[in-house]
Amino acid sequence: MKTIQIEPIGNVISEIRNQRDERWGEIVAEIRLDETRFEPVALNGLHEFSHVEILFQFDQLPESEEETKARHPRENPSWPKVGIFAQRGRKRPNRIGATICEIVSVEGLSLHVHGLDAFNGSPVLDIKPVMAEFLPESKNVRQPRWAKELMSTYF
């Protein structure tokens, strides 16, 4: 396969500095764009959206801990062993996270959001506005029971 390189567009600034698996809903994090690459106009118009999707890297996880096979989500044996691509854990290939967050404010090179499950200093790879047309109707979303249990305390 071809190797790709991605340069972060900015970093996460958050009170969360180490591993955490739940209670992200009240966290307000800042995404600060790289001032050597961007000007505040890069965020123009974003305030008109209610939500953004943030792509970031779980950079604090050593590459040696990446999972490529199947495992119990959160190492919980009461949940079934499923492939890494059937879960959203941080121990994934390329260590890329994606979270839809509520926009709190946009100021200069900073975007403040609710519910970003990234640690302080995490590299931000991209920011995308959430558009309703890209989301499935909630009645069409299907997931296993273990995923609902896992997410019950996540946000």
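Checking each residue in the range 105-122 for being in contact (Cβ under 8 Å) with a residue 24 or more places away in the chain and closer than 15 Å to Phe38 by Cα picks out Val106, Gly108, Leu109, Ser110, Leu111. Let me confirm something: among Gly89, Gly115, Gly97, which residue is closer than 23 Å to Pro8 by Cβ and at pLDDT below 85? None of the other options fit; the residue is Gly89. Any residue that is touching a Pro at 6+ places or on another chain (Cβ under 7 Å) and either surrounded by 13 or more Cβ atoms within 10 Å (Cβ to Cβ) or farther than 21 Å from Leu33 by Cβ (or both) - is there at least one of those in the range 92-104? No, there is no match, as no residue in the range 92-104 is touching a Pro at 6+ places or on another chain (Cβ under 7 Å) and either surrounded by 13 or more Cβ atoms within 10 Å (Cβ to Cβ) or farther than 21 Å from Leu33 by Cβ (or both).
Within the range 46-58, the residues that satisfy the criterion of being surrounded by fewer than 18 Cβ atoms within 10 Å (Cβ to Cβ), in contact (Cβ under 8 Å) with a residue 24 or more places away in the chain and outside any strand (DSSP E or B) are Leu46, His47, Phe49, Ser50. Of the residues making up the range 102-144, just one is more than 22 Å from Arg90 (Cα to Cα), small (Gly, Ala, Ser) and touching an Asp or Glu at 6+ places or on another chain (Cβ under 8 Å), namely Ser110. Evaluate the following for Gly97: is it out of contact with any Gly (no Cβ under 6 Å at 6 or more places or on another chain), closer than 19 Å to Lys148 by Cβ and either assigned to a loop (DSSP other than H, G, I, E, B) or touching a residue at least 24 places away in the same chain (Cβ under 8 Å) (or both)? In short, no. Is it the case, given these coordinates, that Glu30 is under 22 Å from Gln143 (Cα atoms), in a strand (DSSP E or B) and modelled with pLDDT of 85 or more? It is false that Glu30 is under 22 Å from Gln143 (Cα atoms), in a strand (DSSP E or B) and modelled with pLDDT of 85 or more.
Hey, among Phe85, Phe38, which residue is outside any strand (DSSP E or B) and free of Cβ contacts under 8 Å to residues at least 24 places away in the same chain?
Numbers: Phe38 fails: free of Cβ contacts under 8 Å to residues at least 24 places away in the same chain.
On inspection, the qualifying residue turns out to be Phe85.
Residue by residue, here is whether (1) under 19 Å from the mean Cα position of the chain (by Cα); (2) over 23 Å from Ile6 (Cα atoms) holds:
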site	(1), (2)
Leu33	yes, no
Ser50	yes, yes
Asn76	no, yes
Gly89	yes, no
Ser105	yes, yes
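Tell me, please, whether a residue that is loosely packed, with under 12 Cβ neighbours inside 10 Å and either in contact with a strand residue (DSSP E or B) (Cβ under 6 Å, 6 or more places away or on another chain) or not in a loop (DSSP other than H, G, I, E, B) (or both) can be found in the range 116-133.
Step one: filter the range 116-133 for residues loosely packed, with under 12 Cβ neighbours inside 10 Å, giving 131-133.
Next, only the ones that are either in contact with a strand residue (DSSP E or B) (Cβ under 6 Å, 6 or more places away or on another chain) or not in a loop (DSSP other than H, G, I, E, B) (or both) stay: 132-133.
Yes, because at least one residue in the range 116-133 is loosely packed, with under 12 Cβ neighbours inside 10 Å and either in contact with a strand residue (DSSP E or B) (Cβ under 6 Å, 6 or more places away or on another chain) or not in a loop (DSSP other than H, G, I, E, B) (or both).
The values are calculated or read from the model by the stated rules, or taken from the named source; none is laboratory data. Bear in mind that the values here come from a model prediction, so they are computed numbers and not experimental data. No Cβ is skipped: glycine too gets one built from the backbone with ideal geometry, and neighbour counts run over all protein chains shown.
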